[in-house]
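Take a look at the structure below.
Read-outs throughout are calculated quantities, based only on the coordinates presented, and are distinct from any laboratory measurement. Small disclaimer: the values here were computed from a predicted structure and weren't measured. Ideal geometry is used to build each Cβ from the backbone, glycine not excepted, and the neighbour counts take in all protein chains shown.
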Amino acid sequence: MKSFFSSQSSKFSLMMTLCTFGVSVFNIPALASPDEVCIKTSSGQVVCGKPVQSPNSSSQKPDSDETIQTGVYDNYILDLKSCRRKQRGLNCTLFLSSNEDRIFDLYTNNNRIVDNEGTEYRPNTIQVGKNMAGKGGVIKMNFVKNIKYKAVIIFDDIPTSTPYISLLEIVPGYFIRGEPPKFRNIPIINLDGSFAPVPDTPKPRVSQPSSNNNPIPKPKVCLPVVGCL
C-alpha cells in the first residue's frame, strides 16, 4: 500500500511539472481513476494524477470614478465626476485643486444648475471635505498646492422628471479673474445606475467670409463752399 501511494504521489508531481511546460494531457481509463488525468512523457512513460484548476484570471473591474469634464478658472482646477440622483434631489461631485497654496472661498449661492427646460436651481448645501454650508453660507479653506479636495454640491429640489443637466456652473470665490467654467450636458445617474441619453453639444458656427469681392462704396461728404469729397 505504501509503495502504491508513493507511486501515485510521484505520478502527480511529475504531471504537475509537465503541465507547466505545456505537455499534452489525455485520459486513460485503464490506468487512472475517474478524477485523474494522465500524461505521456517524451520517453513514452504514462503518469497519472489529479488536475489542478488554474485560478480564475477574470475579475470584474470596479466602478471607475472617472472625470467627465474639467474646468480651469484662475489657477483653480475643477474635475467634475458625476451628478447622481438621491432620495431627495441631486448630488454633483467634483474635485477642486490649485497649482499654488491659496485661500479658497466657495459660496453656496454662487453655484447653479440649469435643466433642459431652462429652469435654474441653486444648491441647498455645499460640502468640501468635512466643511459644510447651507443656503447663503460660505466655506473658507486654505488650499494646499496640488491637493485634490472633494466637493459635493447638493440640490434638494431637482424634479425626478429632469433627464439631464444642461448647465452646471461652479464659482469659487468672488474676486477671481476670468469667467468661471461651465459644465454642459451632464447625465443624471439614477438610483438604479441608469441615465438618459444626453444630446451632443452643438459645434459653434464659423462665419464664412463674403464671396462678394466688390468693395462697398464709401458715402460722400458734402460741405458748403468746398463741395462733396
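Subtract the Cα-Cα distance of Lys86 and Ser161 from 0.36 nm times their separation in residues, and report this length gain in nm to one decimal.
Roughly 25.7 nm would be gained on extension.
Measure off 7 Å from each Cα along the Cα-to-Cβ vector at Lys130 and Arg184, then give the distance between these two points in nanometres to one decimal.
Going by the 7 Å Cα→Cβ label model, 4.0 nm.
Within a 10 angstrom radius of the beta carbon, how do Glu169, Glu179 rank from fewest other beta carbons to most?
Arranged by neighbour count, lowest to highest, Glu169, Glu179 become Glu179, Glu169.
How high is the FRET efficiency between Asp192 and Asn99 when r is their beta carbon distance and R₀ equals 30 Å, given to the nearest 0.05?
0.20
Find out how many positive minus negative residues lie around Asn109, taking Lys and Arg as positive, Asp and Glu as negative, among other residues whose Cβ is under 9 Å from that of Asn109.
Its environment carries a net charge of +3.
How much length is gained on full extension from Thr119 to Asn75, taking 0.36 nm per residue of separation minus their Cα-Cα distance?
12.8 nm
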